[in-house]
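**Student:** Sending over a structure as structure tokens; questions will come in a sec.
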Amino acid sequence: MTNDTTAAREHPLAHALHAADEIRQMTGVTTIDASVTLGSGWKSADQHLGELVSEIDAATVTGFRRAAVLGHSGALRIYRTPHGTHVLVIGARTHLYEGHGIDAVVHGVRTAAQLGAKTMFLTNGAGAVTTRLSPGQPLLIADHLNLTARSPLVGADFVDLTDLYTSRLRDIARSVAPDLQEGVYAQLPGPHYETPAEVRMLASLGADVVGMSTTLEAIAARHSGMDVCALSLVTNLGAGLQGTILNHEEVLEAGRAAEATLGPLLARVVAAATNPTEGTD
Ligand code: HPA
């Protein structure tokens, strides 16, 4: 016996199940341990994760689409880390502002869960709403403000988000990168950048950075039973905090400038967080 809520939920999950089976067939990898989504500025940050086992065009897999944003790669890659774990890298996310619906936004996360991922690493480029942060700086996301007024969950599905960006993983990340600062990420729908008044509002609400992704994916990941770890690259100061206007080229340039540090940082965090012997030695 199904009801409307069940029917609405079955479709996206079936999509993810289908996509996971296609990835298994195309790559020969049956199970993964973790997944990484590469956001703006993080395009080549996967290169240090380990040995590249397989690379496929995301657009050939059910529910994935070609990157709509310049500077994002449309590839799905599987790496074997030095600990022998398998990590699926999603080279381009679907953003809410693309208008494909919220299920499309979280499809990558749900597919990773269907492939067996226990940990979801989400990366993004973000604007700082405080001058305590500087462009080029990576930031560990400690919590979020989901200001999209949307949820990827439908129905009476009351998921606890108290420790969404798992403190266990944040401790691990800080242990391998002691300089990493933590902050609160606010997601707005975009695609327009904020006004200076909105940037001031976000700071007064408790945000440290603002972007157009991540929170909905984090909620879907937790709902799928995964632990979540998220990293921002501060690509610019928010509107009104810097002397210039904002543009996407600046976001990409900050990523290029930080390329040498982001890849090794991501690799250290992923390796430590997915180390099967972590906590036992
Ligand atoms: N605002 C929103 N999203 C962003 C920004 C910003 O300043 N920088 C990078 N992504």
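**Student:** Take each of the peptides 243-249, 104-110, 23-29, average the number of other beta-carbon atoms within 10 Å over its residues, and list them starting from the highest. Please report the intermediate quantities before stating the final value.
**Tutor:** Details: 243-249: 10.9, 104-110: 25.4, 23-29: 16.0.
Output ranking for 243-249, 104-110, 23-29: 104-110, 23-29, 243-249.
**Student:** OK, next. I'd like the FRET efficiency for L13 and Q242, computed as 1/(1 + (r/R0)^6) with the beta carbon distance as r and R0 of 51 Å, rounded to 0.05.
**Tutor:** 0.75
**Student:** Set the Förster distance to 25 Å, then compute FRET efficiency between T31 and R268 from the Cβ-Cβ distance, nearest 0.05. Numbers along the way, then the final one.
**Tutor:** Numbers: r = 23 Å, r/R0 = 0.94.
So, using R0 = 25 Å, E works out to roughly 0.60.
**Student:** What does the charge count near R110 come to, summing +1 for each Lys or Arg and -1 for each Asp or Glu among other residues with Cβ under 10 Å from its Cβ?
**Tutor:** On the way: positive: none; negative: D103, E217.
Around R110, the charge tally is -2.
**Student:** So for the pair R256, V159, with labels modelled 7 Å out along Cα→Cβ, what separation do we get in nm?
**Tutor:** The answer from the label model is 3.7 nm.
**Student:** Moving on. Give, rounded to the nearest 20 debye, the magnitude of the charge dipole that the stretch 4-274 has about its Cα centre when Lys and Arg contribute +1 at Cβ and Asp and Glu contribute -1 at Cβ.
**Tutor:** Charge dipole of the stretch 4-274: 240 debye, to the nearest 20.
**Student:** Just to check I understand the Karplus step: with θ = phi - 60° and J = 6.51 cos²θ - 1.76 cosθ + 1.60, what whole-Hz values come out for the stretch 262-267, glycine and proline as x?
**Tutor:** Karplus-based 3J(HN,Hα) across the stretch 262-267 equals 5, x, x, 4, 4, 4 Hz.
**Student:** Could you rank the peptides 209-215, 59-65 by their average count of other C-beta atoms within 10 Å per residue, with the highest value first?
**Tutor:** Per-residue mean Cβ counts within 10 Å order the peptides as 209-215, 59-65.
**Student:** Just add up the charged neighbours of T235: K/R +1, D/E -1, any other residue whose Cβ is under 10 Å from the Cβ of T235.
**Tutor:** -2
**Student:** Let me ask another. Tabulate in residue order the Karplus-calculated ³J(HN,Hα) for the stretch 241-258, using 6.51 cos²θ - 1.76 cosθ + 1.60 with θ = phi - 60°, rounded to whole Hz; enter x for Gly and Pro.
**Tutor:** Once θ is set to phi - 60°, the couplings for the stretch 241-258 become 9, 10, x, 10, 7, 8, 8, 5, 4, 5, 4, 5, 5, 4, x, 4, 5, 9 Hz.
**Student:** Taking the Cβ-Cβ separation of K118 and H192 as r and a Förster radius of 30 Å, what is the calculated FRET efficiency to the nearest 0.05?
**Tutor:** Working: r = 36 Å, r/R0 = 1.21.
After rounding, the FRET efficiency stands at 0.25.
**Student:** Alpha carbon centre of the stretch 91-155 versus the stretch 13-35: separation in Å?
**Tutor:** One Cα centre to the other: 20 Å.
**Student:** So what is the relative contact order for the chain, in percent, with contacts set as C-alpha pairs under 8 Å and at least six apart?
**Tutor:** Values: 596 pairs, mean separation 72.9, N = 281.
Result for the chain is 26 percent.
**Student:** Using a 10 Å cut-off on Cβ atoms, rank the peptides 38-44, 236-242 from the highest mean neighbour count down.
**Tutor:** So the order, starting with the most tightly packed, is 38-44, 236-242.
Every read-out reported here was derived from the displayed coordinates using simple, explicitly stated rules and does not represent laboratory data. None of the values given here were measured: they were computed from a predicted structure. Cβ sites come from the backbone with ideal geometry, for glycine too, and all protein chains shown count toward neighbours.
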